[in-house]
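The values are calculated or read from the model by the stated rules, or taken from the named source; none is laboratory data. In this text, all values refer to a predicted model and were calculated from it rather than measured experimentally. Cβ placement follows ideal geometry from the backbone for every residue including glycine, while neighbour counts extend to all protein chains displayed. Heavy atoms of the whole protein, side chains included, go into the accessibility calculation; ligands, DNA and RNA do not. Shrake-Rupley method; radii C 1.70, N 1.55, O 1.52, S 1.80 Å.
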Amino acid sequence: MFGILDILRDNWLLLLIGQYPSGPLGGFAATLILSVLGITLAFPLSVLLALARLSHWKALQWPATVLVYIVRGVPLLMIILWVYFLLPLAIGREISGFNTMLCTLVLYEGAYLSEVVRAGIVSLPQGQAEAARALGNGWLGTMRHVILPQALYNMLPSMLSLFVATIMDTTLGYVINVQELTFAANQINNQLLTKPFQVFFILAMSYYVVCFSLTQLARWLERRIARKRRGAAVPAALAGQLEPLDSLPPSVATHA
Amino acid sequence: MNPTANTGGPSAPGQDSMILFSNINKWYGDYQALADINAEVRKGEVVVVCGPSGSGKSTLIRTVNRLEDVKSGQLLFDGHDIQAPMRSAALNKLRSRIGFVFQSFNLFPHLSVLDNIMLSPMRVLGVKRADAKAKAGRLLERVGLSNKAGAFPAQLSGGQQQRVAIARALAMEPPAMLFDEPTSALDPEMVGEVLSVMRGLADEGMTMMCVTHEMNFAREVADRIWFMDAGRILETADPQTFFNRPQHPRAQRFLSDLRAH
Amino acid sequence: MKGFDLLAILLKQEFIEMLLHGIALTLQIAVGSWLLAMAVALLLLVIRLTGNPVAERAVAAYVSYHRNVPTLVQLMLWYFGIFSLLPDVLQAWLSDHNAEALLSIVALGLCQAAFFSEDMRSGLRAVPPGQAEAARALGHSYFGAMRHILLPQAIRNAVPALVNHTVSLFKNSSLAMAIGVAELTHAVKEIENQSFRAFEAYSVATFLYLFFSLLIMAAGAWVARRWRVTAAR
C-alpha cells in the first residue's frame, strides 16, 4: 500500500483545487465552496419553509409540507436530473454543472434544514411565545426576536450535522460532471489505472477526516449548549461518542 | 404472629431463618449506605422496614436478592450466602427463589398480563406452557384480575399493574417475598387493593419483608417493625411496642412527625 | 415544447421494458441490501453486547467510517477499489454474475448496517433500567433477559428510526447508476436520451420513487401501531 503516499505526493494539488488555473476550480476546494454556499443559501429557504409549515394558513402549510415530503421520498440523484432539465428552461439559458448542483443542494438541504428549524422552534417551551405575545409582540416580531434566535442557537449542532451531510451530498455532482473532489479522484484513477484501491482509499479517507472532525465539533457544541441550557450535569446520552445527535429530528437524522 | 425478642441481633441460623443479615456494610464511595446490619427474618414472619427518606431501607431490601452488592458481611437467604462470589447461573437460580415487587411495577409492556406471569416460570424454571398457563390463571384469580388476562400493562391502572406484578413474582413459588415500597407510586385510592393482596399473603404464612410508608398496614399485619435511619437499624419491635412506646429518640421523632399529619 | 404526453413513453414497448427492468433492479438492490444491512446490524449489536472493549471499539470504528464517508464514495471504493484486489477467480465469477448489482448490494447493505445498528442500540438504551432489574430479580440469565424482555422492546423502540433509514436505503439504490447498474434512475435517463421527453420520463420515476417511499413509511407506521409499546412505567 505504499502507493498511497506516492499518489498523494504526485496528485495532492489536483485533489485540492482541481485543474485550476488551467480549468475551473475543482477538487476539495470546489467541494467546500459548494457545501458552504449550498447550506448558506439553503438557510433562508429553510426558515421560510419551517415557518410556512408551522403557520395556520393551509395555503402556506400544504405546499411546504408536500415539498418536504417529496424531497424526503425522492433520491437526490433524481432531483439533480430534474433541476438539470428544468432550470435552463426556467431561466432561458444553459447552466453549468456546478450551478445546477448548487441549486439542487439549496433545494434539497433547504428542505431537510427546514425540518431542523421546525423541530427547534417546536422544542422551545411554550411559555416563550406566550410571554412574548403577552408583552404585545405580533407573530412576526415574536418569531424574529424571541423564538428564532433561541431555536437556531439550540439547533446549531444539528445544522452542523446537516452541513456534514451536504459535504457528503456534493459527491453526487460527479454524475453530472461537476469538478469536485470525487471527480478529481476519478480523473487520477483514469490516468493511473493500476492502483484503483489506493486512489479511492485516499478519497474515502479525505472525506472521513473532514466529516469526522466536523461531527466531533457538532457533538462538542451539543454538550456545551446542553450544559448552558440545563446548568446541571450532562445527561449520559450526550456524553457518548457515537450517538447520533440527540437534538437532531428523526427525519433529518436519517438524511440519505 | 410469632412472639419475638425485642432485639435486632441475629439468632443462630436455625431451621426457621429465612433471611439473615450478619455485619452487613455498604458504601457508595465515601457515603456509608448500610452500617453494621445484623437482623433476621424468620420463616413465616412479616417484617416491615420503615424510616425517613435516605435511611437505606430500599438499599437494604435490594441487597437480599443482590440487586445491590455489599462491601462486607454475610447475607444468608434460606441458608445460601447470596452476596458471596458465585457463577451467574447459581445467582440466577437463587434469585428465582426470591420474589421481588418493585415500586414502579416494572411489568413487561410488550407482553400481555398472562404472558408476563407465564414467561419466567417457563423460561427460568422450565415449566411447561400448559402448566404455566393454568398457574397464571389461578394467580390472577387470587389477585382479583382474572378478567384482565389478555390485557396489556399499558391498559391497566397502577393498582392493577402492581397486583399483576405480585402475581408474576408469586408464579415462581418463592419461599419469601420482598416488597420495595409497593404502594408509593400509586394514587391513594388504589393503595388498598394492593395492600389487601399483601395481607392475604401474610395470612397464608408467606415470609415477607416490606419497605413501606403504610403505617396502618404495618400495625395490623407486621410481626416486627425495623426502624432505620442513616443506614442503621435503630430499633426493632413488634408493632404494639413500636407504635405506642418507641424506645429510640429518632424513632420517636419519626412517629410524632407522622402523627402531625 | 411538445405537450405533456405520457403515452409517448408508456406505449413504446422498448421503454416499458427498460422501465420494468429498472424497477426490478431497484427493488432487488433495495431488498438485497436491506436484508444484508439487518443481518450485519444484528451481528454488530451482538458483538457490542459481549462487552469486550476491543469489540466495542471495532464496531464503533465500523459505524464511524460508514457514517462519515459519502455513500457514493463507498460504492466506488468497493466497485473500483476492492474489486481489483480480489483474486482473479473471484473477479471473473463476479463479472459473469452482474458484478455491479452485487457489489452495490454489498456496499449499500454494509453502509446502512451501521445506521441500523445505531438505531437498535438507541432503542436498547431507551428501555427503562427497571426492565432489566425485573428480569434479573426473576432469575433470567443475561441472554434470556435480552431475548425475551429487552431486545423485543429495543426493536419496538427502534422502529421509527429503522423505517426512516429503510427509506434512505431505498433512495440510495439510485446511486448504483454511477457504476453502471441499469436501475430506475438510469432507465429513465436512457429513455430521456432516446425520446427527448425528460418531463414524462422523470415524472414516471419520481412517481414510482415517491410511491415506494410512502409505502415504506406507511408500512412502518402500521408496524409501529401494531407493536405500540407504551413506555414501561
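List of remarks:
- When the alpha carbon coordinates of the protein assembly as shown are projected onto the principal axes, the ranges are 100, 74, 54 Å, largest first.
- Charge dipole (debye, nearest 20) of segment B:91-241; +1 at Cβ of Lys and Arg, -1 at Cβ of Asp and Glu: 920
- Whole-number D in µm² s⁻¹ for segment A:62-198, Kirkwood Cα-pair radius fed into Stokes-Einstein, 20 °C, 1.002 mPa s: 120
- Averaging the sequence gap over all C-alpha pairs within less than 8 Å and six or more residues apart, then dividing by the number of residues, gives segment C:130-198 a relative contact order of 16 percent.
- Charge dipole (debye, nearest 20) of chain B; +1 at Cβ of Lys and Arg, -1 at Cβ of Asp and Glu: 680
- Under Karplus coefficients 6.51, -1.76 and 1.60, residue-wise ³J(HN,Hα) of segment B:80-94 in Hz, glycine/proline x: 9, 7, 6, 8, 6, x, 7, 5, 4, 4, 5, 4, 4, 5, 4
- Dipole of segment C:88-233, positive direction: furthest Cα of C:PRO160, C:ALA221, C:LEU150, with charges on the beta-carbon: C:LEU150
- Per-residue ³J(HN,Hα) for segment A:29-40, Karplus 6.51 cos²θ - 1.76 cosθ + 1.60, θ = phi - 60°, Hz, x for Gly and Pro: 4, 5, 4, 5, 4, 4, 5, 5, 4, x, 6, 5
- Chain C - percent relative contact order, Cα under 8 Å, separation 6 or more: 30
- Candidate lysines - alpha carbon under 30 Å from B:LYS71, same-chain residues fewer than 8 apart omitted: B:LYS26, B:LYS43, B:LYS57, B:LYS93
- Base-10 log of normalised Debye intensity for segment B:180-261 (one unit scatterer per alpha-carbon) at q = 0.16, 0.26 Å⁻¹: -0.66, -1.38
- Here's how it looks for B:VAL46: its modeled amide H is under 5 Å from those of B:MET208, B:ASP223, B:ARG224, which are all 5 or more places away or on a different chain.
- Only helices reaching 27 angstrom along their own axis (Cα) with mean Kyte-Doolittle hydropathy no lower than 1.0 count here, and for the DSSP H runs of chain C these are C:13-49, C:198-226.
- Segment B:156-168 - phi-based ³J(HN,Hα) in whole Hz, Karplus 6.51/-1.76/1.60, Gly and Pro as x: 9, 6, x, x, 5, 4, 5, 5, 5, 4, 5, 4, 4
- Per DSSP, loop trypsin sites (Lys or Arg not before Pro) in segment B:44-85 with at most 13 further Cβ within 10 Å: B:LYS71
- Percentage, to the nearest whole number, of Cα pairs in chain B over 24 Å apart: 48
- Angle in degrees between helix A:181-192 and the longest Cα principal axis of chain A, rounded to the nearest 10: 10
- Å² per residue, accessible surface of the protein assembly as shown at 1.4 Å: 45
- Treating each Cα of segment B:29-110 as an identical point scatterer and summing with the Debye formula, the log10 of I(q)/I(0) at q = 0.12, 0.19, 0.24 Å⁻¹ comes to -0.41, -1.03, -1.45.
- Applying a DSSP loop filter and a limit of 16 other Cβ atoms within 10 Å to the chymotrypsin sites (Phe, Trp or Tyr not before Pro) in segment A:1-43 leaves A:PHE2.
- Residues of segment C:147-181 whose accessible area (probe 1.4 Å, heavy atoms of protein chains only) drops by at least 50 Å² once all protein chains are present, relative to their chain alone: C:HIS148, C:ASN164, C:LYS171.
- Here chain C has an Rg and Dmax of 21.5, 75 Å, counting Cα atoms alone.
- Residues with amide H under 5 Å from that of B:ALA33, placed H, sequence gap 5 or more: B:LYS26, B:TRP27, B:TYR28
- Proximal lysines relative to A:LYS228, as straight alpha-carbon distance under 20 Å, when same-chain residues fewer than 8 apart are discounted: none
- A cut-off of 5 Å between modelled amide H atoms, ignoring neighbours fewer than 5 places along the same chain, links B:LEU234 with B:PHE227, B:MET228, B:ASP229.
- Carbon-plus-sulfur accessible fraction, chain A (probe radius 1.4 Å, protein heavy atoms only): 66%.
- In Å², nearest 10: area of B:ASP229 left accessible to a 1.4 Å probe: 30
- Total charge dipole magnitude, the protein assembly as shown, about the Cα centre, Cβ charges on Lys, Arg, Asp, Glu only, Debye to nearest 20: 1160
- Computed from the C-beta positions of C:ALA58 and A:LEU152, the FRET efficiency with R₀ = 30 Å rounds to 0.20.
- Trypsin sites (Lys or Arg not before Pro) within segment B:122-177, DSSP loop, no more than 10 other Cβ atoms inside 10 Å: B:LYS128
- Restricting the calculation to Cα atoms, chain A yields a radius of gyration followed by a Dmax of 20.9, 71 Å.
- The equivalent ellipsoid of segment C:96-151 has semi-axes of 38, 13, 5 Å, largest first, where each one is the square root of 5 times an eigenvalue of the Cα gyration tensor.
- log₁₀ of I(q)/I(0) at q = 0.13, 0.23 Å⁻¹ - segment C:1-118, Debye sum with one point per alpha carbon: -0.67, -1.22
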